[in-house]
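Before any comments, here is the structure.
Quick note: the coordinates plus some simple rules give every number you see, no bench work behind them. Owing to the predicted nature of the structure, the values given are computational and were not obtained by experimental measurement. Every residue, glycine as well, gets a Cβ built from its backbone with ideal geometry; the counts of neighbours run over all protein chains shown.
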Amino acid sequence: MSAFWYYVFTLVFFLFDYFILAMGLNIQYGETGILNFAYIAFVALGAYVTGAVSMPNSVGTGQQYIFGWGIPFPFNLIMGGVAAMVLAFVVALITLRRLRTDYLAMVLISLSLVFYDIVNNYVRLFNGADGLYNVPEPMSGVFHLTLNAFVPFFALVTGAVALILWGVMSRITRSPLGRTFRAIRDDPDVAAALGKGVFRYQLTSMLIGSFYAGVGGGLLIQFGGSFNPTAWLPGETFVVFAVIIVGGVGNNVGLLMGALLVETLLIHLPAFLPNIPGHPGLIEYIDTMVVGVVLMLMLWFRPQGVVPERLRRFPQPAGELANRDGHSVAPPEQSHYVAAITTDDSEPKDAQ
Amino acid sequence: MTSFEEPAITRQGVDEAILSCEGLTKAFGGVNAVNGATFDVPRGKITALIGPNGAGKTTVVNILSGAMKSDSGSMRLGSTDITNWERYKIARLGLMRTFQLSRELSGLTVLENLLAAPKVQAGESLFNIFFRPRLLKREERQNIERATEILRTYGLYDLRDNRARELSGGQKKLLEISRGVMASPSLFLLDEPMAGVNPALIERIGGYILDMKAQGVTVLMIEHNLNIVEKICDNVIVLAEGRTLATGRLSDLRNNPEVVQAYLGEVINAGTGH
């Protein structure tokens, strides 16, 4: 396989992986209104756990890590997702009951920093600052894949996982549960006044989103074969935010578009460009700045994103009278009691 | 004019109370917003909660709906002690409310605002979403039919696919009330439902409230428009300085010197007494 196709499939992998990550953050932020500024910590935990459970026992590997059970794909990936859910459960219990919006965001980013420091310094957990490496390539042995063949193979596997998770997410967001999430996003007080246990639904949203984060992280470590703290600096959360804000909050198609524009074209494509002579690494800094500028421009000029959240229309009930434009031809019904309280003979008018 | 039913007047009256409050207090810093409010709301009637600005009416509604916790006192909804319960648990017992300033679910369509209202839906369970799709479909169809009927009644049907944030102030009032109706309340707290709307709409809203009563819903409404209070309310609770000053029919309370001094005189002098 030529270097060109190697690059293309690498970009395809990141497109699908960040689509998964964006779906996870979108259900938390775009659908339920939880400003999860610690999102990258859930991605990282998913990556570490997926790597650590799929690697052999750490004795003799030159690394220190927990687990080491040699669990194969996709069970290792599921365990990564579940680990992120467990962390989300603990974090939600601490934060969601009492904190909202900006205060919640501040606490979450602080927790992210705490988690980062723990993983970075407590070497016996996930090998500290060196991180995990030599993580087995999933199914390489089964299909006897070379490195060149593994990249397109795993990009397509990631695409298949993304497709399954997209189907699951679409089903959730189109259901009454998704509607309740959006009701809580719009006004948690009103949702509570309608009998919705806001904490329970926020917790559900956190768990679902964190599972996606963990799976996305698990795919990352299996694709690259390694993962260390430089891959999940707390600021990485904002790249995922940029994906969903640019693409369109609350719209799964928009998320794919955001993953394409931000993660694939702005962040990873420039990494394959030749270095600027005399300034190695400068392109990386420039593309981070470009992401920031694009994010600001989108928030200023098109806050709804490239593909905005769509209106959810429902079919009219059977027997509904409708004209060609789809509007009711029947006039609004009046209360039986309007006449009783009308002070003059004028007909009640429509609301102004 | 229809003839209105005889009102339930007092705490000692014969009507069964759906809601009973005893000695509710709530202080903000050094200010006693509610200072021992005690009253009953008779089942199946329309009761107005009136009083001067700062009397503690909205705070009382916030406490009753669970949006605030009282410092002391107790309240019962039917036979259940709901003192300082969480909001959603109170709502699930059938107590719905509207807000002084309309609060729509702005990103949802008008129809979705109503569809979000039923308190417990099978479609809010992950298990049901993936393993009981027929149940979901049936429930959703029934909810859409009911919501459509309510929207037509409230004159919002043609706006059903508009985002709620696009509605006018009066339409938002109607949306909020119709959303509460969709939740099938047994007790509906309306916080100034006529505030800031035109006279024709005031009449319509008054009619809708009477409709609710006819369907067995108990209504407790904060209202400054005494004309409408006199026409549709069976009972009036006057609140002043966080205390219950008097209860009864408005026509009787007009002769109560305490009430006149605390509120009615102010309203009449201000020329807003209609």
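Annotations
- Antiparallel bridge percentage (DSSP; both residues within chain B; nearest 5): 60
- Distant-in-sequence amide H partners of B:L189 (H built 1.01 Å from N, under 5 Å): B:M96, B:R97, B:T98, B:L220
- Restraint check, B:K69/B:K231; B:K119/B:K213; B:K57/B:K89; B:K45/B:K137, Cα-Cα greater than 26 Å: B:K69/B:K231; B:K45/B:K137
- Averaged over residues, the count of other Cβ atoms within 10 Å places the peptides A:226-233, A:119-126, A:47-54 in the sequence A:47-54, A:226-233, A:119-126, highest first.
- Rounded to whole Hz, the Karplus (6.51, -1.76, 1.60) HN-Hα couplings of the range A:54-66, x for glycine and proline: 8, 7, x, 3, 5, 4, x, 8, x, 10, 10, 7, 7
- Looking at the protein assembly as shown, the DSSP beta bridges with both ends there are about 60 percent antiparallel.
- Per-residue shielding of B:177-188, expressed as the average number of other chain Cβ atoms within 10 Å of the residue Cβ, stands at 1.
- Calculated from backbone phi, Karplus (6.51, -1.76, 1.60) coupling profile of the range B:120-125 in Hz, x at Gly/Pro: 10, 10, 4, x, 8, 9
- Under a 5 Å amide H cut-off, with hydrogens placed 1.01 Å from N, B:A246 pairs with B:V238 among residues at least 5 apart or on other chains.
- Over the range A:3-301, the Kirkwood radius and the radius of gyration, each from Cα atoms, give a ratio Rg/Rh of 0.97.
- Remark: B:W85, A:W5 ranked as A:W5, B:W85, counting other beta-carbon atoms within 10 Å and listing the fewest first.
- With a simple spin-label model that places each label point 7 Å from the Cα along the Cα-to-Cβ direction, the separation between A:L299 and B:R165 comes to 1.6 nm.
- Computed from the C-beta positions of A:N275 and B:R132, the FRET efficiency with R₀ = 56 Å rounds to 0.45.
- For chain B, a Gaussian network of Cα nodes joined below 10 Å ranks B:D211, B:D40, B:D234 by mean-square fluctuation, and the top entry is B:D211.
- Neighbour-count order for A:V151, A:V293, fewest beta carbons within 10 angstrom listed first: A:V293, A:V151
- For the protein assembly as shown, calculated [θ]222 nm from helices alone, where every DSSP H run of n ≥ 4 adds -39500 (n - 2.57): -15000 deg cm²/dmol
- Sorting B:L64, A:L11 from the fewest to the most surrounding beta carbons within 10 angstrom yields A:L11, B:L64.
- Distant-in-sequence amide H partners of B:K45 (H built 1.01 Å from N, under 5 Å): B:V219
- Shielding by other protein chains, B:118-130, mean Cβ within 10 Å: 5
- In sequence order, the range B:197-214 has phi-based couplings of 10, 6, x, 5, 6, 4, 4, 5, 5, x, x, 5, 5, 5, 4, 4, 4, 4 Hz under the Karplus curve 6.51 cos²θ - 1.76 cosθ + 1.60, θ = phi - 60°, and Gly or Pro positions carry x.
- Per-residue average of Cβ from other chains inside 10 Å of B:141-154: 3
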